[in-house]
């Protein structure tokens with residue numbers, strides 16, 4: 001059997017030459033992940049401009065990749081290497097989203113990475129997304145280095161571009177060193193709480209026992225050589241088997257599908273195993289399942305250009321080897337879904353294995369979508385529903401007619417939206433990649449819960465057929481879209497709040513709300529047929545057509561009219577109002593007396609609805625008393 005089939009010799013896996021380590025850059029939003037990568041891209045003779053300035057909201061929203069060749073690494077770190085050189089042909093950086101909702105996308109990047117750089121603001125320490133990143137690294141068992149960024153914010157710290165941290169530390173005043181130590185020991189304690197032993201890289205004796213921390217300033221260009229040297233050294237020292245495990249059918253992660261001028265539809269891919277050449281057959285995932293195509297072109301960014309922003313800076317290659325970032329030109333790529341895996345499929349065996357892998361990959365994504373149980377109404381990921389509801393004591397079924405419709409330009413985007421919606425306990429009825437279309441609108445219209453009759457689109461837009469309908473003021477479906485996910489979620493939550501208030505306002509017109517009234521002394525205007533007496537609303541409200549009862553539960557009669565002191569007829573009176581109340585049924589002196597107090601009697605079905613609303617404290621107190629009175633006769637009243 002051939003090497004390309006991933007065979008073994010004498011029970012040992014075949015090994016290729018050292019490939020460049022893949023480095024995933026993780027961390028909390030605004031802690032400087034993209035700034036660190038921009039600093040990397042600024043070194044060498046082929047330096048490039050900032051990526052961060054062109055990101056929506058200044059936040060990296062998709063995985064991007066930048067390659068740094070070995071000669072640039074060796075030149076940058078030569079002062080620390082003492083005449084030695086790295087064995088690796090370079091470094092491949094993956095820049096991943098830092099906002100907390102991108103946990104799934106970060107997991108996808110982390111699973112590909114050999115080593116990670118966790119960027120932490122030394123002034124802020126561990127934040128929620130830092131902790132999520134730590135969990136990702138722990139789950140994927142990815143070794144990592146901590147970039148303690150923004151040392152320039154320490155009061156009195158003096159930076160010098162291109163200087164190593166050790167040189168910088170030696171040049172600082174004693175009081176500044178003391179401030180640095182305070183921040184360092186605080187961060188050490190925070191990492192310790194999460195089970196990690198960290199140590200400043202220059203003090204570590206055993207890199208297997210401690211996580212290296214490299215202080216730096218991406219803004220001022222200080223400490224980069226330390227970070228690169230530690231990252232590459234760690235990868236080469238402890239990941240030799242992984243870095244030489246390059247033989248076998250090619251596999252890669254599809255970053256994005258793009259329509260490039262002069263190229264047509266293309267895909268940006270991180271190839272992390274094997275090699276690809278022009279003419280190879282590959283298999284990819286589409287919304288309709290796996291599909292095959294053949295490679296017509298392989299292009300890599302010139303110099304150190306970022307793959308997402310290379311423009312015309314591309315170089316053609318007849319063949320490429322892992323690990324690298326590559327743009328692939330091939331037919332039918334408009335069907336490819338970003339965030340999924342590319343497989344080599346030259347042989348029937350490779351094709352069958354690829355189809356199976358793609359099916360399993362999609363099943364895993366589908367299982368993460370939040371759904372609602374028809375019995376207990378709990379929202380959980382589909383895979384948890386199968387375990388806890390369908391096979392557990394609940395025995396519920398999926399509530400198929402509820403949940404929002406979500407769209408995104410990548411699988412990672414779908415996972416990110418689903419992640420946020422699950423936290424809000426909002427189910428997803430349908431999740432697909434691509435522009436919003438007519439089927440999505442029809443699906444949203446069929447949703448029963450009015451609070452879920454919405455489409456959320458991340459980095460995707462409606463197609464021309466439905467764009468006008470969704471943008472119309474009288475659209476039946478609410479549509480939220482944008483390139484920053486938490487803006488979409490914020491707008492959706494704001495709409496749901498307003499929609500809920502609108503629904504409650506409509507319910508208030510028909511719902512019987514609790515109320516308590518006092519029959520005022522010397523305010524009897526008519527004794528019967530109907531009795532007309534003056535009353536003060538001492539809690540809640542009263543509305544024409546409602547029934548009154550005494551505090552002991554005895555029925556009194558029905559309200560026929562309400563009139564204010566200025567002789568104005570009204571339909572409702574609220575707490576504090578004094579009105580003349582016409583009551584059909586009672587006779588003054590026989591059934592009711594002055595200074596009597598009454599409740600507005602609430603029907604049992606209304607009590608159920610009222611319990612779900614935000615009543616004010618007095619209304620809630622009155623409702624609780626009404627429930628107590630009625631349950632003396634009927635234990636299940638209002639349940």
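The values are calculated or read from the model by the stated rules, or taken from the named source; none is laboratory data. Being a predicted model, the structure only gives us computed values, none of them experimental. Note that we place each Cβ from the backbone using ideal geometry, even for glycine, and neighbour counts take in every protein chain shown.
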Filter result for residue 475 (in contact with a helix residue (DSSP H, G or I) (Cβ under 8 Å, 6 or more places away or on another chain), in the same structural domain as residue 449 (by TED's automatic domain parsing) and assigned to a strand (DSSP E or B)): no
Among the residues that make up region 205-218, is at least one of them in a loop (DSSP other than H, G, I, E, B) and crowded, with 21+ Cβ neighbours inside 10 Å? yes
Count - residues of region 412-456 that are in a helix (DSSP H, G or I) and more than 20 Å from residue 340 (Cβ to Cβ): 15
Hey, can you tell me all the residues within region 539-554 that are touching a residue at least 24 places away in the same chain (Cβ under 8 Å) and more than 20 Å from residue 511 (Cβ to Cβ)? 550, 551, 552, 553
If you go through region 349-383 one residue at a time, how many are within 17 Å of residue 416 (Cβ to Cβ) and exposed (fewer than 13 other Cβ atoms within 10 Å of the Cβ)? 1
Are any of the residues in region 615-624 part of a loop (DSSP other than H, G, I, E, B) and touching a strand residue (DSSP E or B) at 6+ places or on another chain (Cβ under 7 Å)? no
Scan region 611-639 and report the pairs whose first residue is in the same structural domain as residue 600 (by TED's automatic domain parsing) and under 22 Å from residue 550 (Cβ atoms) and whose second residue is assigned to a helix (DSSP H, G or I) and modelled with pLDDT under 90, with Cβ atoms within less than 6 Å and a gap of 6+ or a chain change. 623/610
Among the residues of region 134-152, are any free of Cβ contacts under 8 Å to residues at least 12 places away in the same chain and more than 25 Å from the chain's Cα centre (by Cα)? no
Do any residues in region 493-508 that are assigned to a helix (DSSP H, G or I) have Cβ atoms under 6 Å from those of residues that are at pLDDT 90 or above, where the two are at least six apart or on different chains, and which pairs are they? 495/478; 496/451; 499/451
Quick check on region 240-263: of everything there that is out of contact with any strand residue (DSSP E or B) (no Cβ under 7 Å at 6 or more places or on another chain) and assigned to a loop (DSSP other than H, G, I, E, B), which residue is modelled with the highest pLDDT? 262
Taking region 494-512 as the search range and keeping residues that are surrounded by 15 or more Cβ atoms within 10 Å (Cβ to Cβ) and at pLDDT below 90, which one is nearest to the chain's Cα centre (by Cα)? 499
